[in-house]
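Every number in this text was worked out from the coordinates using simple rules, so none of it is lab data. Because the structure is predicted, anything quoted here is derived from the model rather than measured. Positions of Cβ are backbone-derived with ideal geometry, glycine not excepted, and every protein chain shown enters the neighbour counts.
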Amino acid sequence: MPESKQQRGVQRVERRRRAQHALRGAALTLLFVFLIGALALLADQHRLRWDITQNARNTLSAETRNIVQRLDGPIDITAYAAPGQDARLGDLRKLIGDFVAPYQAAKPNIELRFVDPKAEPQAASAAGVKANGELVVQYGQKSEHLTTFTEQALTNLLVRLARSQERLVTYLDGHGERKLNGVANHDLGEFGKQLEARGFKTAALNLSLAQEVPDNVAALIIASPRVDLLPAEVTKLNNYIARGGALLWLIDQEPLHGLEAVAERLQLRLTEGIVVDPAAAELNVEATMAVGSTISSEFGKHPVTRDFTLNTVFPFARQIATETGAAWQTTPLVQVAPRGWLETGALDQTISFDAASDKPGPIIVAMALSRPLGEQQKQEQKPKPGQEQRIAVVGSGHFLANAYVGLGGNLEIGVNLINWLARDDNLIVIQPPARIDSDLNLARTAQVAIVVIFLIALPLAFLIAGGVIRWRRRRG
């Protein structure tokens, strides 16, 4: 039976509708493919990482990112790691890649390449590699080896490589001073180790033997002599300051033992008394442990304390001040005891504020001094034009002692002081925070058990349960 015109019209409309649906579907498919391609391109060019670990252990600290981004030029990291599973660490190459990835995100021109020490033993031997997984980090013409995969270790290594030349930090010795290599509680041995980890070389300086303070000294530390210096030694110290030398002077409450002439040259005003801080007593420590809280904006403009937010602790601290009209440009660095005072009396069980003799807080316990270098000083010290002489004075030798250097930000501000004195302002950082959580390393048996239970057994159980429920409903 021939189709009627009406039926043919309906069929044409239906064909047009199907064609329109097909065209719309093709357009949507093309749009979907285009969006997927665009997202893939964006994902390749812009990587987004979300660190959900406790204490952000997979994210670099702001201080480390600062250092990495300030390094000019590429950094080459060669990892001598065999492919496959390591008996102790698992997939060593993946571990190294994950460790270096945050540094590459902060500085794209960090190149990481792998060398198999088993397949290329001569290359590993030529590089001085002794262990599987050892890294050789090269920056400029300098390189170092790394076997510890922590942010502190790699960041300190980069700081050492970044120093344009070796920096020598000496400490005055021969008069019972605190030693940078000493192990006693009052010594500065732990601080000295941290300086060496950051690329400084440390050495003792006995001015009764040395003719002068050497010109290659980046900073000299004077830390609480216990016997008087000879007049000739004091003259050598003053000559060093006159030549533009950098000095960190840790002054305790004890007598200056012949250094009065140095204090006079620096135009210091050292008053008697020990800081008493009620805030320390509230923390269940001795009231003589003055707590330096976050540096206020007034004092935070100095490179040593800029963006520094850690508490510091200054045991048995004394006030540091300068004479009115001093020739030095002075910047207070740390103030303590806003509710405390400078105690001038005896430290007994009934210690209390005496308005007649004690000075109310806050008390300045650390001061930075600077002045432009003269032409003669520039020639002798060979600094860059326009540089300044730098001196730092702290009213507590205890705060960097082995017994107290680990409290609060003591170590960090101590390292900052040395970096500033050595004119390495761009390397002034806060110590990267410790990571309080750790990796989860599972044995092979545990990994297989997780796969079998969660990827096979549980999905299969859900499928069986769903089938049984559907069968029962159809029977019902």
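Taking H as built 1.01 Å from N, whose amide H comes closer than 5 Å to the amide H of ASP91, not counting residues under 5 places away?
Those qualifying (amide H under 5 Å, at least 5 residues apart or on another chain) are ASP86.
Fewest to most neighbouring Cβ within 10 Å: what's the order for ASP72, ASP173?
Lowest to highest Cβ neighbour count: ASP72, ASP173.
Could you give the angle, 0 to 90 degrees to the nearest 10, between helix 458-475's Cα long axis and the longest principal axis of the Cα atoms of the chain?
Helix 458-475 sits roughly 40 degrees off the main axis of the chain.
Given charges of +1 on the Cβ of Lys and Arg and -1 on the Cβ of Asp and Glu, with all other atoms neutral, how large is the dipole of the chain about its Cα centre, in debye to the nearest 20?
Charge dipole of the chain: 4560 debye, to the nearest 20.
Starting from the amide H of LEU207, placed 1.01 Å from N in the peptide plane, find each other amide H under 5 Å away whose residue is 5 or more places distant or on another chain.
For LEU207, whose amide H was placed from the backbone, the distant partners under 5 Å are ASP173.
Once phi is turned into θ = phi - 60°, what whole-Hz ³J(HN,Hα) does the Karplus curve with 6.51, -1.76 and 1.60 give for every residue of region 151-159, x standing for Gly and Pro?
4, 4, 5, 6, 5, 4, 4, 5, 4
By how many degrees, between 0 and 90 and to the nearest 10, does the Cα long axis of helix 5-45 differ from the longest principal axis of the chain?
Helix 5-45 and the main axis of the chain meet at about 20 degrees.
Report ³J(HN,Hα) in whole Hz for each residue of region 67-72, in order, from the Karplus equation J = 6.51 cos²θ - 1.76 cosθ + 1.60 where θ = phi - 60°; Gly and Pro get x.
These are the phi-based 3J(HN,Hα) values: 5, 4, 6, 7, 7, 7 Hz.
Going by how many other Cβ atoms sit within 10 Å of their own, how do HIS21, HIS257 line up, fewest first?
HIS21, HIS257
Can you give the % of DSSP beta bridges in region 164-423 that are antiparallel, to the nearest 5?
In region 164-423, approximately 60 percent of DSSP beta bridges are antiparallel ones.
What angle do you read, to the nearest 10 degrees and between 0 and 90, between the alpha-carbon axis of helix 231-242 and the longest principal axis of the chain?
That helix lies at roughly 50 degrees to the long axis.
Using amide H atoms built in the peptide plane, which far-off residues or other-chain residues are under 5 Å from ARG167 H to H?
LYS201
Answer with a single label: of [x] 109, 65, 49; [y] 90, 43, 42; [z] 130, 62, 52, which was calculated as Cα extents along the principal axes in Å from the structure in view?
Among [x] 109, 65, 49; [y] 90, 43, 42; [z] 130, 62, 52, the one derived from this structure is [z].
Please name which of THR445, LEU427, ALA317 has its Cα lying farthest along the dipole of the chain towards the positive end, using unit charges on Cβ (Lys, Arg +1; Asp, Glu -1) and the Cα centre as origin.
Highest projection toward the positive end goes to THR445.
Write down, largest first, the equivalent ellipsoid semi-axes of region 164-423 in whole Å, where each equals the square root of 5 times an eigenvalue of the alpha-carbon gyration tensor.
Value: 29, 19, 19 Å, ordered largest first.
Report ³J(HN,Hα) in whole Hz for each residue of region 181-198, in order, from the Karplus equation J = 6.51 cos²θ - 1.76 cosθ + 1.60 where θ = phi - 60°; Gly and Pro get x.
Per-residue couplings from phi come out as 10, x, 10, 5, 4, 7, 7, 10, x, 5, 5, x, 5, 5, 5, 5, 5, 9 Hz.
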